[in-house]
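The values are calculated or read from the model by the stated rules, or taken from the named source; none is laboratory data. Owing to the predicted nature of the structure, the values given are computational and were not obtained by experimental measurement. Note: ideal-geometry Cβ built from the backbone for every residue, glycine included; neighbour counts use all protein chains shown. Remember, those area values only see protein heavy atoms, side chains included, never the ligands or the DNA or RNA. Shrake-Rupley method; radii C 1.70, N 1.55, O 1.52, S 1.80 Å.
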Amino acid sequence: MHWIHDTVFYNIYPLGFCGAPRKNDFVLTYRLDKLYDFIPHLKRMGVNAIVFNPVFESTRHGYDTIDYYKIDSRLGDNESFKKLCDTLHKNGIRVLLDGVFNHVGRDFFAFKDLQHNAMGSIYTSWFHNVRFDRRSPYDDPFSYEGWAGHYDLVKLNLSNEDVVEHLLGAVRFWIDEFDIDGLRLDAANVMDVNFFKRLKNECKSKKSDFWLYGEIVGGDYNRWANPDTLDSVTNYDIYKALYSCHNDRNYFEFAHSLDREYGDWGIYKNLYLYNFADNHDVTRVASIIRDKALLKNVYTMLFTMPGAPSIYYGSEFGIEGKVHNHSDYDVRPELDLNNIPNRDDQLLEHICKLSKIMHTLEAFQFGKYKNENIQLEHLCYSMKTDSQSVFVLLNQSDEMRQIGFDTRFDGVLTDVLNDNNTYECHGYMNINIPAKSSMILICNDGSFKMSFDEINENAPLICKEKPVVQEDNSSEELIPEEITLGRYRHFKGNEYEVIGFAKDSETTEKMVIYKALYGEGDTWVRPYKMFQEIVERDGKRFRRFEKIDG
């Protein structure tokens with residue numbers, strides 16, 4: 001069994017989650033370490049995989065990459081992220097990163113070289129449609145293709161072997177350094193599927209259970225998710241149905257989408273899709289749905305339909321946020337567990353229950369979907385394996401409704417979502433379901449029960465000891481230290497290796513020769529005294545270069 005079948009995702013947009021500055025100030029700050037304090041919360045919800053949206057150095061929002069080999073200074077550094085990933089793994093939580101391979105930012109090293117050297121740049125062919133007979137909207141002495149018309153996002157040429165190797169090298173580094181378990185592929189619908197074939201071979205050769213899924217908004221998912229390319233894609237077809245079927249009081253929309261994907265003639269029966277109610281690019285579901293009492297039904301659907309459910313950070317509390325004026329910042333807020341206005345703890349508890357049910361019942365991991373009874377305001381569908389049958393009932397009306405369905409079973413139906421209530425079953429059933437609620441009925445002999453004691457707020461939650469991360473030593477009295485051969489970290493976060501020393505031919509001043517460990521591995525020379533000096537930034541003192549090995 002691949003781990004994806006028993007996975008509940010938590011999707012974090014780190015720069016927003018951490019309250020990082022919108023423009024990179026390149027001040028090394030370990031903001032992402034706040035996630036250590038979230039681990040008990042994640043485990044309570046049954047989360048066992050995190051999808052991090054961009055974590056690598058960028059100028060603004062993360063999708064304008066500067067360096068694929070370096071954690072964004074606003075979040076931490078490579079060493080702190082490595083420790084965080086290790087702790088998440090020890091707590092049974094896998095790590096997936098956002099692979100932004102379609103485009104880079106204007107501060108990306110190859111584009112800076114193109115700006116500086118123009119036609120003499122060796123990186124001209126790294127980008128799409130570079131022309132020197134016209135100027136760009138930023139008044140560069142050349143034009144280029146921006147992603148979707150956004151010229152701060154320079155489109156990469158994935159037919160260039162050097163580009164491909166640079167990106168694949170980054171992925172190999174992420175697997176080796178951070179032990180990541182998978183990738184989200186940003187803007188996958190506009191990328192070359194041949195790149196995905198190369199990427200898949202690289203990732204699977206290093207980790208056979210590595211999971212790749214692409215951001216696909218429309219089209220035939222089989223084009224991108226198949227044995228040769230990606231493992232899965234984002235299920236935008238179901239995303240809309242989850243909220244609009246409640247806003248329009250029309251469960252036919254949701255049932256039609258599920259039938260199209262997973263019914264007897266479903267086109268995605270062989271795929272295990274990435275399902276979500278909201279994410280960092282769209283208005284939060286709590287701001288879309290007109291009747292917030294129906295949010296529980298939304299999540300019941302999300303956790304009981306075929307595929308892997310994903311919770312967007314903060315939405316488990318019903319927080320709101322709208323995309324407006326083409327800005328996503330309101331849906332990417334800082335999240336403080338101790339200060340969430342208007343938090344909906346009943347919704348959180350409901351999600352915790354659904355997560356445990358999903359982890360417990362094989363029907364929700366491997367089952368075959370079937371629409372059993374569909375009306376405008378109530379719905380029944382089943383999920384079945386050879387050894388387990390489960391019926392999901394939903395009512396979005398303002399009144400109690402009776403739902404009829406054929407169980408083809410004699411025994412007991414246990415509602416594991418609602419206090420293990422039981423119903424004697426002899427084939428066809430008529431069940432009364434309260435207004436604006438849902439049921440999850442498992443066929444059994446009457447002995448099956450589920451306990452949710454461990455998701456109670458007061459129940460003990462086991463979490464590995466928080467590792468010691470680099471502490472702020474700005475208040476200590478720092479003095480210059482002797483520079484020796486070995487690895488050093490610049491106070492802005494980049495890592496280098498001192499490989500030798502030399503003397504200036506004119507002044508005989510001692511110089512340090514050092515090489516960048518990541519990226520292009522450039523070699524640099526700096527005066528010894530400057531290399532070892534103490535610098536001050538924002539009232540804090542740092543060694544310009546801090547030794548990081550013995």
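Data overview
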{"item": "Sulfur and carbon atoms: percent of accessible area, the chain [1.4 Å]", "result": "46"}
{"item": "In segment 69-187, lysine pairs with alpha-carbon atoms under 27 angstrom apart (chain gap of 8 or more, or interchain)", "result": "7"}
{"item": "Per DSSP, loop trypsin sites (Lys or Arg not before Pro) in segment 112-193 with at most 15 further Cβ within 10 Å", "result": "ARG134, ARG135"}
{"item": "Positive-end extreme of charge dipole, the chain - chosen from ILE4, THR300, ASN24 (charges on Cβ)", "result": "ASN24"}
{"item": "Neighbour cut-off at most 14 other Cβ (10 Å), DSSP loop, chymotrypsin sites (Phe, Trp or Tyr not before Pro), segment 138-179", "result": "TYR138"}
{"item": "Degrees, to the nearest 10: 295-304 long Cα axis against longest axis of the chain", "result": "90"}
{"item": "Euclidean distance of C-alpha centroids, segment 116-185 and segment 60-100, integer Å", "result": "21"}
{"item": "Between helix 161-178 and the chain: long-axis angle, C-alpha atoms, 0 to 90°, nearest 10", "result": "70"}
{"item": "Separation of alpha-carbon centers, segment 350-410 and segment 282-311, rounded to whole Å", "result": "16"}
{"item": "Charge dipole of the chain about the Cα centre (unit charges at C-beta), most positive-ward option of HIS116, SER355, CYS85", "result": "HIS116"}
{"item": "Dipole magnitude of segment 76-126 about its Cα centre (Cβ charges: Lys, Arg +1; Asp, Glu -1), debye to nearest 20", "result": "160"}
{"item": "Assigned charges on the beta-carbon of Lys, Arg, Asp, Glu; the chain dipole about Cα centre (debye)", "result": "280"}
{"item": "Sequence ranges 212-224, 42-54, 288-300, ranked by mean other-Cβ count within 10 angstrom, highest first", "result": "42-54, 288-300, 212-224"}
{"item": "For peptides 24-30, 396-402, 55-61, sequence by mean Cβ density within 10 Å, most packed first", "result": "55-61, 24-30, 396-402"}
